[in-house]
Structure formats: C-alpha cells, structure tokens
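Trainee: To start, I am sharing the structure in question, which I have written as structure tokens.
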Amino acid sequence: MKYGFMIITALLMVWAGGCTSVAPVDDNGRPLITKLGTIDCDLVETTPVVFKGRVYRFEWVRKGYVEKKHIEQDWAQGGYFRFVDHETGQPTRGFAPGYAFGSAFVEGDTVYVTGTSTEQGWTGQRVQMWVSKDLKDFQSYTALDLDGFGICNTSICKAGDKYVMMFEIHKPKDQAGAAFTARFATSTDLRNWELTPPQCVYAKDRYSAPHCLRYLNGYYYDFYLEAHQGYEMRVVRSKDLINWEPSPLNPVLKASTADKQIANEKLSAEQRERIANAKNINNSDIDFCDYQGRLIINYSWGNQQGNEFLAEAVYQGTEQQFLKGWFPKKP
C-alpha cells in the first residue's frame, strides 16, 4: 500500500510539473487553461515571474486595497508596488508609492519593474523603471517621458537582441484612436528606450486594451482586453507591430463560474461572501510565467467598475506550446 501511494504521488508530481510533449487542448482545440479560483480581492494588475528559481507575483497595490486592509503607513496611502512569494504568500517591502499600472520583467539575475506616473490623476506621460537584484534595494530611472500621452499598462518582452515595451495609451487622440490602444518602444539595454513609428499600434478602431506582450519565432503576441459581451481576453500576433492576425480560437479567457472558486484558504468569511455575490462580466489583465514546464497564470475578474478580484489558473505546458496553440497550423 505504501509503495502504491508513492507511485501515485510521483505520477501526480509529474503531472503537476506540466512535463508533457503534447500541448493540452480543450474540446474545441483551444489551449487548455484550468482556472484554480480567486486568491485575493481588490487586486488587478499583477505579473507572475520566476526570479532566482522562485516564483513571485508582482502586484500593484491600489489605494482601495490599502484602505480595505487598513494599512496605516503614510507612504502607502496612494498605492504602491510589491512582490509576493508564490509559495509562502509573504510580501516584500513595498516600493514606488504613488505609481500605477505596474508590470515586472526578469532578465538573468535582475528584475525590472515598469510603472506609470499619475500627474494626470489616474494616468501620466511617464514610464518609470525600478531595477533590483534582491527585491529589497531598487534603483530607479525614467524609461519614457512622452508629452501629450496618457499611459496605463506596460509589458516587456525580449525579441532577439532587443527588448520591446508595449504600453497602453488613451491619448493623444491621433495615436490612440478609440481608447485603449497598444503602442511600442524598443531598447537594447532596458534603460534607453526609443519610440517606434506611430503605425506600430493595436488597435485604433475599438476598445482593445493591451496587457501582456510575448515574442516567439519572429512573432509578437499581444494579449489584450476586448469589449465583447462583457470583457474578455483575446490574443493577436504580428511580425512587424503593424499588421496583426487574430487567433481563430479567441477568446483566451472569459468570465465563468470557475472564477469564483476559492484558491486561497486565508480569505476571510467577508471576502468569500463578496466573491460569491459579485457581478462577473470580465476576465482581464492576464499575465503568466513558465515554471517547471507549465504556465502559472494570473488574471482579474469582476464588473470592470471597481469591484474586482485576482484569480490564478494553470496551463500544463510550456509558454512556447501556449503561444503556438492559439495559432494552429492551417491544413
């Protein structure tokens, strides 16, 4: 009996590690995302990353979260950034007070965090960068400062010998069109950034709020929010950041009852009641990291009007399988 238990345990460990050569799909041939449920309330923009062999979740702690958690430090009242250890749930010391729409990117032994200034109220024209090798001490510098722009979310990927930053804009009108829209900048050192031509954009004709950028085999993948029967995550890809191809398998994520599962045993009775009674018309702000052969996915759900929740999901395959899976080869 003990031996059989050990075999079952070992098999479960292999499954949990996502060690598969066949890309998992659902009944419709779409990459199979398994929703695990809600892990916190009043958090939206997060980025799971692997840093020095451990998984962390970067979080933008909003002002409303600070108020509900009764966090009393003066510096925290306008919101701030932090990392949370995925295994232990322990947060790091907060940093970047007053900045918004944060995102994280890891290169080697260094983590890079981008965040938006808020001199316009809820957005700003400046993208600030914080850099650290230990998640304790951060150096900061300005990555972008664009007169006349209103910038929200950011995301960075590596594309060959350069880095590409996707940033969400709602102005100027001639470049944003219908808010919200993806614009792009490039860098060779993650410090000095050059804005791409204005035709490098997705998409000016409608609400298409960008959130997560990835690159694979010559293609850029933009995971964005589409206003469609509520709000749902979709993906498009491009070789030149100008001409875009939508996945024939969209949407990537949409609201479902699985969002309301409880994936964090530490959630209070009050939080669980909020989750159970919340209106859910939205799956947004997806981001993910590849860890031991599977993807750890974070996303937000709720009503898109301030009553929002943070959830986690998994894909039992690699990032490469996941990206390719949304664009199957044509027969």
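Trainee: For the range 212-331, take the alpha-carbon Rg, divide it by the Kirkwood Rh, and send me Rg/Rh. Write out the running numbers ahead of the final one.
Mentor: Working: Rg = 15.7 Å, Rh = 15.5 Å.
Ratio of gyration radius to Kirkwood radius: 1.01.
Trainee: If each of Lys239 and His70 carries a label point 7 Å out from its Cα toward its Cβ, how far apart are those two points in nm?
Mentor: About 5.9 nm separates the two model spin labels.
Trainee: Next question. Give me the number: length gained by fully extending Val25 to Arg272, i.e. 0.36 nm times residue separation minus the C-alpha to C-alpha distance, one decimal in nm.
Mentor: On the way: separation 247, 0.36 × 247 = 88.92 nm, distance 3.07 nm.
Stretched out fully, the Val25 to Arg272 stretch lengthens by 85.8 nm.
Trainee: Shifting gears a bit: What is the set of long-range amide H partners of Lys162 at a cut-off below 5 Å, with H atoms built 1.01 Å from backbone N?
Mentor: For Lys162, no residues qualify.
Trainee: Test of understanding: ordering Ser256, Ser284, Ser117 by Cβ neighbours within 10 Å, fewest first, what list do you get?
Mentor: Ser256, Ser117, Ser284
Trainee: Could you calculate the contour length gain from Lys279 to Glu265, that is, 0.36 nm times the residue separation minus the distance between their Cα atoms, to one decimal place in nm? All intermediate terms of the calculation are to be shown ahead of the outcome.
Mentor: Details: separation 14, 0.36 × 14 = 5.04 nm, distance 2.17 nm.
Extra length from Lys279 to Glu265 when fully extended: 2.9 nm.
Trainee: Going toward the positive end of the dipole of the chain, with +1 on Lys and Arg Cβ and -1 on Asp and Glu Cβ, which of Ser247, Tyr231, Gly115 do you reach last?
Mentor: It is Ser247.
Trainee: Okay, moving on. Given points 7 Å out from each Cα along the Cα-Cβ axis, report the Gln120 to Thr257 separation in nanometres with one decimal.
Mentor: A separation of 4.2 nm, rounded to one decimal place.
Trainee: Using helices alone, what [θ] at 222 nm do you get for the chain, with -39,500 (n - 2.57) per DSSP H run of 4 or more residues, divided over all residues and rounded to the nearest 500? Write out the running numbers ahead of the final one.
Mentor: Details: 5 runs with 41 residues, N = 331.
Helices in the chain give a 222 nm mean residue ellipticity of -3500 deg cm²/dmol.
Trainee: Over the Cα atoms of the range 22-325, how large are the radius of gyration and the largest Cα-Cα distance (Dmax), in Å?
Mentor: Values for the range 22-325 (Cα only, Rg and Dmax): 18.0, 51 Å.
Trainee: Each label point is 7 Å from the Cα along the Cα-to-Cβ direction; what then is the distance between the points at Asp109 and Lys204, in nm?
Mentor: 4.6
Trainee: May I pose another question? Taking θ = phi - 60°, what integer Hz values does the Karplus form 6.51 cos²θ - 1.76 cosθ + 1.60 yield along the range 229-245, in sequence order, with x for Gly and Pro?
Mentor: Going residue by residue, I get 6, x, 9, 9, 7, 10, 9, 10, 9, 7, 8, 10, 6, 10, 9, 10, 10 Hz, with x marking Gly and Pro.
Trainee: Okay, moving on. Which whole-Hz couplings ³J(HN,Hα) result when phi for each residue of the range 252-262 is put into the Karplus expression 6.51 cos²θ - 1.76 cosθ + 1.60, θ = phi - 60°, listed in order with x for Gly and Pro?
Mentor: Values per residue, Gly and Pro as x: 6, 9, 9, 4, 7, 5, 5, 4, 8, 4, 9 Hz.
Trainee: Over 27 Å between Cα atoms: which of Lys133/Lys171; Lys63/Lys266; Lys260/Lys330; Lys68/Lys173; Lys173/Lys239 fall into that group? Show your work: numbers first, answer last.
Mentor: Details: Lys133/Lys171 34 Å; Lys63/Lys266 21 Å; Lys260/Lys330 36 Å; Lys68/Lys173 36 Å; Lys173/Lys239 25 Å.
Going by Cα-Cα distance, Lys133/Lys171; Lys260/Lys330; Lys68/Lys173 fall outside the 27 Å limit.
Trainee: Continuing with the same structure: To check my understanding: the extent here is largest minus smallest coordinate of the Cα atoms along each principal axis. What are those three numbers for the range 158-284, in Å, largest first?
Mentor: 50, 31, 29
Trainee: Moving on. How do 37-44, 93-100 rank on mean C-beta neighbours within 10 Å, highest first?
Mentor: On the way: 37-44: 21.6, 93-100: 18.2.
Put in order of decreasing packing, that is 37-44, 93-100.
Just so you know, all these numbers are worked out from the coordinates, no wet-lab data involved. Small disclaimer: the values here were computed from a predicted structure and weren't measured. Cβ: placed from backbone, ideal geometry, glycine included. Neighbour counts: every protein chain shown.
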